[in-house]
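Report on one structure; see the data block that follows.
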Amino acid sequence: MELQPPFRKIIHVDMDAFYASVAALDNPELRGKAIAVGGSEVRGVVSAASYEARKFGVKSAMSGVLAKQKCPHIIFVKSDFPRYKELSAQIREIFYEYTDLVEPLSLDEAYLDVTKNKKGNPSANSIAREIRQKIFDNTGLRASAGISINKFIAKVASDINKPNGQKTVHPDEVISFLEALPVNKFYGVGKVTAAKMYNLGIFTGNDLKKKTQEELVTLFGKSGSHYYNIVRGIHNSPVVPNRIRKSVASERTFNENISSEIFMLARLEQIAEELERRMVKHNIKGKTITLKIKYSDFTQQTRSKTKAHFMQSKSAFFPVVKELFFQDELINSVRLLGISFANLNTEKTAPIWVQLKFEF
């Protein structure tokens with residue numbers, strides 16, 4: 001059976017070892033080392049591991065004691081969810097530059113429907129490459145991507161060339177791709193189900209395809225119909241955005257720490273210009289403005305002020321930014337500056353649910 005157009009163009013973006021990579025980003029001495037986020041060598045559970053640690057068999061949900069046994073030189077670091085959320089928000093802003101059809105799965109991964117996109121780019125592959133490069137340029141973090149006609153295949157494909165890679169499965173390659181795929185690589189097939197399939201002589205998608213729908217339902221219950229369809233490339237679940245924008249921000253991390261107030265104000269001018277462009281583009285206005293300052297020792301300050309009226313233009317809000325900047329003395333040299341708006345004119349807007357289909 002051949003798949004019939006029209007086909008959607010779906011990208012699954014998955015950050016590479018996100019929590020561990022953030023730790024290395026913020027602490028350069030950790031780069032290239034075996035890191036475990038969470039846990040310790042005496043207690044607790046590992047929530048994430050760097051690729052260097054994974055080479056020794058360290059993985060999430062493993063006890064810290066076992067992780068230390070497998071990788072004696074492993075470095076344990078604490079989770080930092082405020083920082084993860086901060087970077088995740090920056091990454092999602094990049095997604096929204098291309099499409100409003102963004103379905104986040106977690107802080108570090110999301111589906112994007114770019115069938116019809118804001119750039120007018122017909123190549124989902126090149127869009128994924130652009131997005132990955134922009135994520136790296138803006139945050140210093142790496143991402144991988146999978147591109148195909150539906151969410152299931154895109155999700156599977158994003159794992160193939162990790163880390164820092166991408167895989168496109170074109171419409172005419174879908175069937176052969178799925179037939180050759182080991183069943184344990186099918187998204188949603190866990191260890192228990194995979195073991196059951198092995199006992200039944202089902203090792204690849206092609207083996208799975210030989211079973212009738214009735215047989216699969218008998219063997220796996222309701223999941224049987226799902227397996228029957230996905231191995232044939234049938235997965236019609238749309239990318240479902242459900243987003244009410246509650247803040248908009250722009251920030252910059254500097255290559256070298258800045259001590260001069262004059263230089264800082266010049267950087268804030270640039271950040272404000274970028275923020276104004278984003279707000280005008282999306283017709284966003286806000287009342288609460290926040291100045292974010294991160295110092296060279298990684299301590300952070302935020303200073304906020306709420307006005308009675310909505311602001312959008314730089315000429316309207318930059319005087320407030322300057323007021324916040326001089327509100328208190330700086331306590332150290334600065335590595336990051338940011339400006340954000342909350343209390344937006346979008347917060348009373350109901351979520352918009354959209355489904356579009358176009359030719360691949």
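Give me the dipole magnitude in Debye, nearest 20, for the chain about the Cα centre, with unit charges on the beta carbon: positive for Lys and Arg, negative for Asp and Glu. Before the final figure, lay out each step's value.
Numbers: 53 positive and 38 negative charges, 108 e Å.
Value, rounded to 20: 520 debye.
For the pair L3 and R252, how long in nm is the line joining their label points, each one 7 Å along Cα→Cβ?
Modelled inter-label distance: 4.3 nm.
Please give the Cα centre distance for the stretch 187-238 versus the stretch 301-339, rounded to the nearest Å.
Using only Cα atoms, the two centres lie 55 Å from each other.
Debye calculation, C-alpha points only, no solvent: report log10 I(q)/I(0) for the stretch 247-344 at q = 0.19 Å⁻¹, in the same order as the q values.
-0.84
Of the listed values (1) 17.2; (2) 16.1; (3) 20.8, identify the label whose number matches mean projected area of the Cα convex hull in nm² calculated from this model.
Only one option fits the structure, namely (3).
Once a ≥ b ≥ c are taken as the square roots of the eigenvalues of the Cα gyration tensor of the stretch 18-77, is the result rounded (a/c under 1.5), prolate (a/b larger than b/c) or oblate (a/b not larger than b/c)?
On the way: a/c = 1.75, a/b = 1.54, b/c = 1.14.
Since a/c reaches 1.5 and a/b is larger than b/c, the shape of the stretch 18-77 is classed as prolate.
Pop the C-beta distance of L330 and K196 into the FRET formula with R0 = 35 Å and round what comes out to the nearest 0.05. Walk me through the numbers on the way to the answer.
Numbers: r = 61 Å, r/R0 = 1.75.
The value I calculate is 0.05.
For the chain, with a Gaussian network of springs between Cα atoms less than 10 Å apart, report the residue from Q301, Q166, Q133 with the top mean-square fluctuation.
Q301
In the stretch 56-159, what GluC sites (Glu not before Pro) fall in a loop by DSSP, with at most 11 other Cβ atoms inside 10 Å?
Values: sites: E86, E93, E97, E109, E130; in loops: E97.
Counting only loop positions with at most 11 other Cβ atoms within 10 Å, none of the GluC sites (Glu not before Pro) in the stretch 56-159 qualifies.
Any chance you could run the full-extension gain for H309 through Q270? It's 0.36 nm times the residue separation minus the Cα-Cα distance, nm to one decimal.
Here the answer is 11.7 nm.
Tell me, in nm to one decimal, what length is gained between E97 and T212 on full extension, where the rule is 0.36 nm per residue of separation less the Cα-Cα distance?
37.1 nm
Report the paramagnetic label zone for K119: residues of the stretch 62-97 whose backbone N is under 15 Å from a point 7 Å from Cα along the Cα-to-Cβ axis.
Hits in the stretch 62-97 for K119 at 15 Å: 92-97.
Every number in this text was worked out from the coordinates using simple rules, so none of it is lab data. Treat the numbers as computed from the prediction; the structure is a model and nothing was measured. When we count neighbours, we look across all protein chains shown, and the Cβ atoms used for this are built from the backbone with ideal geometry, even at glycine.
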